[in-house]
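The values are calculated or read from the model by the stated rules, or taken from the named source; none is laboratory data. None of the values given here were measured: they were computed from a predicted structure. As a convention, Cβ positions derive from the backbone with ideal geometry for all residues, glycine included, and neighbour counts pool all protein chains shown. Areas reflect the complete protein model, heavy atoms only, side chains present, ligands, DNA and RNA absent. Shrake-Rupley method; radii C 1.70, N 1.55, O 1.52, S 1.80 Å.
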Amino acid sequence: MSSSAQPKPHIHVACGALRDADGRVLIVERPAGKIAALKWEFPGGKIEPGETPREALVRELQEEIGIVAQACRPLILFTHEYKERIVTLHTWLITGWDGELDAREGQRFSWQAPDAPHTLDVLPTVDPILRALRLPEDYVFTPPDADADRIRAGIPKLPRGALLRLRLPGLGDDTYEALAASLCAPAAAAGLRLVLDRDEAMARRIGAAGLHYSQARLASAPSSRDDTAPAPLLRFASCHDVDSLRHAERVGIDGVVLGSVAPTATHPGGATLGWDGFAALAAQSNLPAYAIGGVTPADKGRAFAAYAQGVAGISAYWSRSGS
């Protein structure tokens, strides 16, 4: 007589990425005697029945490393399946805390720069969190009909550190590449990372930071990525359903754009997700997700509450830049 396999236990964990004034984040070594002993992870622990993720985070960090989290917000929600269990991590970014670090379980600490190579033996749940920590809160798209002068005038007024997607579908490849090449220096001077819409070869020729795939183009994205290059390209994708999210994850996309969250001026009667729908769709992916469609930088609080990376948009950024 055959018996069906027992489902794996599914555990929900709250963990925290403590970030110091230098931008480094704390990872800790799991103590001897625990599952995955001596591997490194972000600190935290199991969410108990009746606890919110934030309550569990505060309790676990106080018990484990002796600090009380103060300034914190959701960062990324993702699920990892181990051989014997499934773990969903409710990950929070912590920029302020009370108390001094105390190795209450005898564990070692290490402060790491998120974008620096590390040699520690980490759990597989560390890399998705580091990916989110490397990305900014703002993803700016150029107006599709903007000319070069308007883009150049607006660049210095955009949020420093933002991603800037050169979204100009009406331009031929040669004209697009020439414009992109001319924008690399001003974008870098303004602290922006330029993202192109065309192909990887073009992005590498001009020294762009990344590449963006529409959902239609995502199907033809390379199934592997070259992270051995001196400056590996960031790769982003627009996704509108679970299937495209799964594909984005399989081909190594760094972040996704999901929407439309709310009605927009260009599509006032179009289908929208709402914030609950956005959160539900984002939870189906293990990738950082930007909310787009009828949102502005003022909506970041609502976006973070849904475990979004941040917000993406066009008019909200160029209008506020005065360009």
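Please work out if residue 138 is open to solvent by 60 Å² or more (accessible area, probe 1.4 Å) and among the acidic types (Asp, Glu). No, not satisfied.
Can you tell which of 301, 270, 252 is among the small types (Gly, Ala, Ser) and at pLDDT 95 or above? Only one candidate qualifies: 301.
Taken over the stretch 22-77, the residue count meeting the criterion of being out of contact with any strand residue (DSSP E or B) (no Cβ under 9 Å at 6 or more places or on another chain) and either under 25 Å from residue 279 (Cα atoms) or at pLDDT 95 or above (or both) is 5.
Taking the stretch 57-148 and the strands (runs of 3 or more DSSP E) fully enclosed by it, the elements with 3 or more residues that are over 27 Å from residue 38 (Cβ atoms) are at 68-81, 86-98, 138-141. Pairing each residue of the stretch 124-152 that is without any contact (Cβ under 8 Å) to a residue 60 or more places away in the chain with any residue that is surrounded by fewer than 17 Cβ atoms within 10 Å (Cβ to Cβ) and assigned to a strand (DSSP E or B), provided the two are 6+ apart or on different chains, yields C-beta distances under 7 Å for 124/80.
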